[in-house]
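A.B. asks: First the structure, then my questions, so here it is.
The values are calculated or read from the model by the stated rules, or taken from the named source; none is laboratory data. The structure presented is a predicted model; accordingly, all values stated were derived computationally and were not measured. Note: ideal-geometry Cβ built from the backbone for every residue, glycine included; neighbour counts use all protein chains shown. Areas reflect the complete protein model, heavy atoms only, side chains present, ligands, DNA and RNA absent. Shrake-Rupley method; radii C 1.70, N 1.55, O 1.52, S 1.80 Å.
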Amino acid sequence: MAKITIMGNMATALGAKLSRPDVVPAYPITPSTLFPEKISEYIADGEMDAEMIRVESEHSAMSACIGASACGARVCTASASQGIALMSEMMFIAAGMRLPIVMAVGNRALAAPINIWCDHQDTISQRDTGWLQFYAERNQEGLDLMIIAFKVCEDKRVLLPGMVGIDAFVLTHTTEAVDVPEQELVDEFLPKYKLELSLDPNKPMTFGSFGTPEFYQEFKYTQVKAIEKSSDVIDEVFAEFKKKFGREYRKIMPYKCEDADVIILTMGSMSGTARAAVNKMREEGKKVGCCKLTVYRPFPGKELMDLTKNARVIAVLDRDISPGFGGALYGEVSAQFVNEPKHPLITDYIIGLGGRDVLIENFEEIYDKSMDAVKKGRVEKPVEWINMNQEVL
Amino acid sequence: MVKITIGAINKVPGSSKNYKTGDWRTLKPVIDMEKCKKCWICYKFCPEGCIKKTDDGPETDYDYCKGCGICAYECPFKAIEMVMEER
């Protein structure tokens, strides 16, 4: 296994290359542009046998993905932010047509005001499209999760599209050391795949055909059953990945949670900072732990409850905001616990929007605020904004 | 009974013909052959291709006519009347 130092976009592009896609339709957008650039370089250098389709928009990129995937090709693409918003219509269709397309995302904020930096709003806003969602903490995870996503999505019990999010700039443009899995091992792990039914001019068929009120609800039910089933498939694939490549993935990765009063729940690159903050606070005698959510869809609610049910507070960190409500993750964590007779207090912290750095001292503040709720026995302000610059308000 | 397929795949080509969109109709075009001059304007304007040319004049395909009324609106001789349909 070779160790190289590469940026996050190179890691997801390398993960894609190792997965041997047949077709890559993509439209460049910051901070994901390096992904299609790297893929086109691989193809030009003869290192990759794939068709790259240069499209005129992200809507077309996803349309081309759908067409190619329905023909039985292994397909991947990359996008971010406004690009994903423009793709949205076709993303619903890709999921409804049950096509295992894999997309690498450089998670970025949405305009207005225009902002190219790290934020999870772009993919969180697409959580209801029916795509599986994975979030990486490091470049290594970006690479590995691309290969894992193909295997999960193409499983006959699943057959759904999936996306792998890496944080804008913090990962996409940051160089880290990455273990490159051997092609031979990836080929064994992810063999050639064949769609049972695919588009063929000699045998005309309609994909995603008309669904009248007599059928639509049942159709959606079968689609939802498939993403629910993917939860088990993800566990199987994570276990197989560990066996083959030695690296462990879990839907939720706990850190020092066993005896923790406060458990901080994070997604993406800030999870590393969370562990450093937990270490610092543990030295000071504070009973705090953290959990990193790698899989956001399907939502690993049961695993989350098992890991956090003995805490006094779950501090949910949202790098997204549902205006008029609060953070999306907060809503989902709360919903998971609402029918339990006894459960931890749940607080929401909006943090790091539009690329604002997430610092160790922010976690310390979050711990203090959460313990304050424990002392009072209730959460007075469920949604708090962290690290606000009051001077500009 | 039709069963749900994965990805809503329909393996029968041209099967949209089986879906009789005439069900959508509220008003039904009725042609008065005495007023009809066989100018075929209705034939040209029908967005559904539901008017057939015959030697006796235009003939509406009620299996697929959605009752939009464009034929009646365009007919220069007021030979087509839209009447309430009761089923």
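A.B. asks: How about B:LYS37: which lysines have a C-alpha closer than 16 Å to its C-alpha, ignoring those fewer than 8 places off in the same chain?
C.D. replies: Partners found: B:LYS52, B:LYS53, B:LYS78.
A.B. asks: Using just the helices of chain A, give the 222 nm mean residue ellipticity in deg cm²/dmol: DSSP H runs with n ≥ 4 each add -39,500 (n - 2.57), and the total is spread over all residues, rounded to 500. Let's see the in-between values first.
C.D. replies: Values: 12 runs with 157 residues, N = 393.
Estimated from H runs of four or more residues: -12500 deg cm²/dmol.
A.B. asks: For the stretch A:263-357, run through the trypsin sites (Lys or Arg not before Pro) and keep only the ones in DSSP coil with at most 10 other Cβ atoms within 10 Å of their Cβ.
C.D. replies: Details: sites: A:ARG275, A:LYS280, A:ARG282, A:LYS286, A:LYS287, A:LYS292, A:LYS302, A:LYS309, A:ARG312, A:ARG319, A:LYS342, A:ARG356; in loops: A:LYS286, A:LYS287, A:LYS309, A:ARG312, A:ARG319, A:LYS342, A:ARG356.
When the trypsin sites (Lys or Arg not before Pro) of the stretch A:263-357 are filtered for loop state and at most 10 Cβ neighbours within 10 Å, A:LYS342 remain.
A.B. asks: In whole angstrom, note down how far apart the Cα centers of the stretch B:1-58 and the stretch A:319-393 are.
C.D. replies: Here the two parts' Cα centres lie 58 Å apart.
A.B. asks: Sorted by packing (mean other beta-carbon atoms within 10 Å per residue), highest first, where do A:96-103, B:39-46, A:240-247 land?
C.D. replies: Details: A:96-103: 26.6, B:39-46: 16.2, A:240-247: 14.0.
Put in order of decreasing packing, that is A:96-103, B:39-46, A:240-247.
A.B. asks: Still on this structure: Can you give the average number of partner chain beta-carbon atoms within 10 Å of each beta-carbon in peptide A:198-207, as a whole number?
C.D. replies: On the way: counts 1, 1, 0, 0, 0, 2, 5, 7, 10, 6.
For peptide A:198-207, the averaged partner shielding equals 3.
A.B. asks: In addition: Mind checking B:7-19 for the average number of partner chain beta-carbons within 10 Å of each residue's beta-carbon?
C.D. replies: Numbers: counts 19, 14, 12, 7, 6, 4, 4, 2, 3, 3, 0, 0, 2.
The mean count of partner-chain Cβ atoms within 10 Å per residue comes to 6.
A.B. asks: Have a look at A:GLN217, A:GLN126, A:GLN82 and tell me which one the Gaussian network model of chain A (Cα, springs below 10 Å) gives the largest fluctuation.
C.D. replies: Of the options given, A:GLN217 has the highest mean-square fluctuation.
A.B. asks: Based on a Kirkwood Rh over C-alpha pairs, give the Stokes-Einstein translational diffusion coefficient of the protein assembly as shown at 25 °C and viscosity 0.890 mPa s in µm²/s. Kindly include the intermediate steps, with their values, before the conclusion.
C.D. replies: Working: Rh = 25.1 Å.
D = 98 µm²/s.
A.B. asks: Can you list the GluC sites (Glu not before Pro) in the stretch A:170-218 that are in a DSSP coil and have 14 or fewer other beta carbons within 10 angstrom? Walk me through the numbers before you get to the answer.
C.D. replies: On the way: sites: A:GLU176, A:GLU182, A:GLU184, A:GLU188, A:GLU196, A:GLU214, A:GLU218; in loops: A:GLU182, A:GLU196, A:GLU214.
The qualifying sites are A:GLU182, A:GLU196, A:GLU214.
A.B. asks: Next question, about the same structure. Please report the carbon-and-sulfur percent of the accessible area for the stretch A:133-242; probe 1.4 Å, protein heavy atoms only, DNA, RNA and ligands left out. Don't skip to the end; give the middle numbers.
C.D. replies: Working: 2740 of 5050 Å².
Reported share for carbon and sulfur atoms: 54 percent.
A.B. asks: Treating only the Cβ of Lys, Arg, Asp and Glu as charged (+1, +1, -1, -1), what charge dipole size does chain B show about its Cα centre? Round to the nearest 20 debye.
C.D. replies: Values: 15 positive and 13 negative charges, 79 e Å.
It comes to approximately 380 debye.
A.B. asks: Given a 10 angstrom Cα cut-off, can you work out which residue in A:PRO213, A:PRO254, A:PRO323 is the most mobile in a GNM of chain A?
C.D. replies: Of the options given, A:PRO213 has the highest mean-square fluctuation.
A.B. asks: Inside 10 Å of the C-beta atoms of B:58-70, what's the mean count of C-beta atoms belonging to other chains? Provide the component values of the computation, followed by the final result.
C.D. replies: Working: counts 0, 0, 0, 0, 0, 0, 0, 0, 0, 0, 0, 0, 0.
For peptide B:58-70, the averaged partner shielding equals 0.
A.B. asks: My understanding is that a pair violates if its Cα-Cα distance is over 31 Å; which of A:LYS292/A:LYS342; A:LYS192/A:LYS220; A:LYS244/A:LYS287; A:LYS292/B:LYS3; A:LYS242/A:LYS309 do that in this structure? Don't skip to the end; give the middle numbers.
C.D. replies: Numbers: A:LYS292/A:LYS342 23 Å; A:LYS192/A:LYS220 28 Å; A:LYS244/A:LYS287 36 Å; A:LYS292/B:LYS3 41 Å; A:LYS242/A:LYS309 27 Å.
In this structure, A:LYS244/A:LYS287; A:LYS292/B:LYS3 lie more than 31 Å apart at Cα.
A.B. asks: So what's the stretch A:17-126 giving for Rg/Rh, alpha carbon basis, Kirkwood Rh from the mean inverse pair distance?
C.D. replies: Numbers: Rg = 13.5 Å, Rh = 13.9 Å.
Rg/Rh: 0.97.
A.B. asks: Say we join alpha carbon atoms closer than 10 Å with springs in a Gaussian network model of chain A; which of A:MET87, A:MET146, A:MET371 then has the biggest fluctuation?
C.D. replies: Top of the fluctuation ranking is A:MET371.
A.B. asks: Another question, if that's okay. I need the shape label for the stretch A:252-392. Rule: rounded when a/c is under 1.5, else prolate if a/b > b/c, else oblate, with a, b, c from the alpha carbon gyration tensor. Intermediate values should be presented prior to the final figure.
C.D. replies: Values: a/c = 1.26, a/b = 1.11, b/c = 1.14.
Here the stretch A:252-392 falls in the rounded category.
A.B. asks: Give the average over all directions of the projected area of the C-alpha convex hull of the stretch B:21-78, one decimal, in nm². Please list the in-between numbers first.
C.D. replies: Working: hull surface 14.2 nm².
Here the figure is 3.5 nm², rounded to one decimal.
A.B. asks: Right, next: Separation of the stretch A:130-196 and the stretch A:210-229 by C-alpha centroid, Å?
C.D. replies: A separation of 26 Å, based on Cα centres.
A.B. asks: Give me the orientation-averaged projected area of the Cα convex hull of the stretch A:1-65, in nm², one decimal.
C.D. replies: Answer in nm², one decimal: 4.6.
A.B. asks: Stokes-Einstein diffusion coefficient for the stretch A:2-245 at 37 °C in a medium of 0.692 mPa s, Rh from the Kirkwood formula over Cα pairs: what value in µm²/s? Display every interim value, and only then the final one.
C.D. replies: On the way: Rh = 17.9 Å.
Answer, rounded: 184 µm²/s.
A.B. asks: Right, another one. Treating only the Cβ atoms of Lys and Arg (+1) and Asp and Glu (-1) as charged, compute the dipole magnitude of the stretch A:135-237 about its Cα centre; round to the nearest 20 debye. The partial results should precede the final answer.
C.D. replies: Details: 10 positive and 20 negative charges, 126 e Å.
About 600 debye.
A.B. asks: For the stretch A:57-215, what's the relative contact order in percent, using C-alpha pairs closer than 8 Å and at least 6 residues apart?
C.D. replies: Relative contact order for the stretch A:57-215 comes out at 24 percent.
A.B. asks: For a quick check of your reading of the filter: which GluC sites (Glu not before Pro) in the stretch A:273-361 sit in a DSSP loop and have no more than 12 other Cβ atoms within 10 Å?
C.D. replies: Those satisfying the criteria are A:GLU284.
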